[in-house]
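Engineer: Below is the structure I would like to discuss, written out as structure tokens.
The values are calculated or read from the model by the stated rules, or taken from the named source; none is laboratory data. None of the values given here were measured: they were computed from a predicted structure. Heads up, the Cβs are rebuilt from the backbone with ideal geometry, glycines too, and the neighbour counts pull from every protein chain shown.
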Amino acid sequence: MKFQLEYKSYHDRAIIVEWPSKIDKYILRDIILFKAKIISDNDSNRQELRSAYNSLLIIYKESVHFKAEKEALIAIYSRVSTETSLNSRLWKIPVCYEEHFALDLQYISNAKELSIEAIIKKHSEVVYTVYFIGFLPGFLYLGGLDEDLEIPRKSTPRLKIEKGAVAIGGNQTGVYPIESPGGWNVIGNSPIQFFNAKNNPPCFAKTGDQIQFVPVKVNTYNKIKSQVENNTYIIESEMIYD
Amino acid sequence: MIKVLQSGFYSTIQDIGRFGYQDYGVPYSGVMDKQAATIANTLLGNHENNAVLEITMTGPKLKFECDTLICLSGASMNPQINKNYIPNNKIFNVKKDDVLSFGKLDSGFRCYLAVLGGFNVEMVMNSRSMYQNITQQSSIKKGDQLAIKNSTFNYKMHHSNLRVNTSYIDNLTLEVYRGPEFKYLSVSNQKKILSSRFTISKYNNRMAYQLEEVLANNLDSIITAPVLPGTIQLTPSGKLIILMKDCQTTGGYPRVLQLSESAIHSLAQKITGDKLQFKCL
């Protein structure tokens, strides 16, 4: 499927390309394919490509002539084949949903009239898609949360949410990669490191990958956490062929 | 080495930034006023990307543990070597045991200290710019030993007579481009934003500058999208937030304007209560 794209000048060295304003797997796929085509076009003035839900930002070394570059990008987009297969990786992320970590699980259970077991099941059964990484280093924007678990952000954000906290905010869920203030409802904690400045790349997951949460007991959580600290833990993952 | 005797208000080591990691959510960081840092580095014959000390509002007290050459640029903070005043934008030969200190802030907000060969602190993801959770240290502290090169040997005075224009520091008019969501503003807000005088609020730091004045806002939030240093966001409550070098990589507020690169340099020298206005390029 091809989309009606909008090209806008962002500043003299940046252009933003916009897809329809919604969160959609086909848009994500189209962005990934377009991005790959732009990279393979090999224009050395195109320095950096960054994407989010429905936009692709292109940053240039030297200032660009907007109209000419827009035409060049349109020509590249016309060569994107929607038939291209796009493989990704599914990552199995252990999460401990036990009371000690699940600060807001009881609150969600009451508000949604769902048992805690049902919430954990709904949260860990789904396969989530990584749309992009933003907000904090290593914070994955995930799509696919079960509608039954949607719950508004807290009206007053917590000043400190722990590293590894698994949380729900509106129709999104995610893991805090580092300690941070935040307004999402915390339902568990993952021992996995989502960002490591010493690794290249610093994140194991990338845009287009998939994530599944696997409930673990606190003793397993502790065991994995010490393996992660010793750099001996390997995250379970598998290739997903398109 | 340079020993930190007193840390001052807030000083960090910065180069021009950490590029190529924004798709992992890593901010660019880097010097807020690149013009000042470049002047100081250039006068010394350094590379533009050599790391400098970015000094905010109140300067530190530093003791040199080797001979070197230094240059200061940006804000005027009455710098002194062993209590003798030295000017900005001039090379100064310091000796082992010399002490650099600062006085009252006279103009601007951020002063840059460049040393010959640059500060040689930890490099993380191709940059020495300090940032919490990326580098081990997020600002300099009393007692720190900052690594520098110990040599004045290769220095040639190529640029020592460079004429330096510092008028941008007091510039009140910031050049902007229309941002991706500018066209969705009401016509009256479009006019207002490009003709009003705004005031810098006390909420200003390396991440963002918030402005005091409120616009009657009719714009909804957007689906989370990329943002850049210099992007001006309009919040649902009508406040304008100008993102700076340590900003997040993505945001959900409408991006109404974008500062030019030189406007970012000027803004980096602004302090709480300063006035400014925008001029469309």
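Engineer: Which of the residues belonging to the stretch B:44-68 are out of contact with any Gly (no Cβ under 7 Å at 6 or more places or on another chain), buried (at least 20 other Cβ atoms within 10 Å of the Cβ) and modelled with pLDDT under 95?
Structural biologist: The answer is B:L44, B:T68.
Engineer: I've got another one for you. Can you list the strands (runs of 3 or more DSSP E) found entirely within the stretch A:141-207 that contain at least 1 residues being away from chain B (no Cβ under 13 Å) and either under 24 Å from A:Q106 (Cα atoms) or of a type outside the set (F, W, Y) (or both)?
Structural biologist: A:158-161, A:165-169, A:172-175, A:185-189
Engineer: Which condition number in (1) modelled with pLDDT of 95 or more; (2) outside the structural domain of A:L28 (by TED's automatic domain parsing); (3) farther than 30 Å from A:G174 by Cα is the one that A:K67 fails?
Structural biologist: Tallying (1) modelled with pLDDT of 95 or more; (2) outside the structural domain of A:L28 (by TED's automatic domain parsing); (3) farther than 30 Å from A:G174 by Cα, A:K67 fails exactly one: (2).
Engineer: Look through the stretch A:16-57, keep the residues that are more than 10 Å from every other protein chain (Cβ to nearest Cβ) and in a strand (DSSP E or B), and return whichever of them is surrounded by the fewest Cβ atoms within 10 Å (Cβ to Cβ).
Structural biologist: Of everything passing the filter in the stretch A:16-57, A:R46 is surrounded by the fewest Cβ atoms within 10 Å (Cβ to Cβ).
Engineer: Still on this structure, I have one more. For the stretch B:69-90, what are the residues that are surrounded by fewer than 20 Cβ atoms within 10 Å (Cβ to Cβ) and either among the basic types (K, R) or over 19 Å from B:I271 (Cα atoms) (or both)?
Structural biologist: Matches in the stretch B:69-90: B:Q80, B:I81, B:N82, B:K83, B:N84, B:Y85, B:I86, B:P87, B:N89, B:K90.
Engineer: Oh, and also: Residue by residue through the stretch A:104-140, note down the ones that are within 14 Å of chain B (Cβ to nearest Cβ) and at pLDDT 95 or above.
Structural biologist: Listed by number, the residues that qualify are A:V130, A:Y131, A:F132, A:I133, A:P137, A:G138, A:F139, A:L140.
Engineer: Does B:Y203 satisfy the condition of being without any contact (Cβ under 8 Å) to a residue 12 or more places away in the chain and in a strand (DSSP E or B)?
Structural biologist: Answer is yes for this residue.
Engineer: Only one residue in A:E83, A:E69 is surrounded by 17 or more Cβ atoms within 10 Å (Cβ to Cβ), over 23 Å from the mean Cα position of the chain (by Cα) and more than 14 Å from chain B (Cβ to nearest Cβ). Which one?
Structural biologist: So the residue among A:E83, A:E69 that is surrounded by 17 or more Cβ atoms within 10 Å (Cβ to Cβ), over 23 Å from the mean Cα position of the chain (by Cα) and more than 14 Å from chain B (Cβ to nearest Cβ) is A:E69.
Here's the yes/no breakdown for (1) over 21 Å from B:D33 (Cβ atoms); (2) in contact with a strand residue (DSSP E or B) (Cβ under 6 Å, 6 or more places away or on another chain); (3) not assigned by TED's automatic domain parsing to the domain that holds B:Q35:
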| position | (1), (2), (3) |
| --- | --- |
| B:V227 | no, yes, yes |
| B:T231 | no, yes, yes |
| B:T235 | yes, no, yes |
| B:I241 | no, yes, yes |
| B:K245 | no, no, yes |
| B:T250 | yes, yes, yes |
| B:Y253 | yes, yes, yes |
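Engineer: Return yes or no: is B:V99 assigned by TED's automatic domain parsing to the domain that holds B:D33, surrounded by fewer than 17 Cβ atoms within 10 Å (Cβ to Cβ) and hydrophobic (A, V, I, L, M, F, W, C)?
Structural biologist: So B:V99 passes the test.
Engineer: Checking B:K191 against (1) modelled with pLDDT of 95 or more; (2) within 23 Å of A:I59 (Cβ to Cβ), only one condition comes out false. Which one?
Structural biologist: The one condition B:K191 does not meet is (2).
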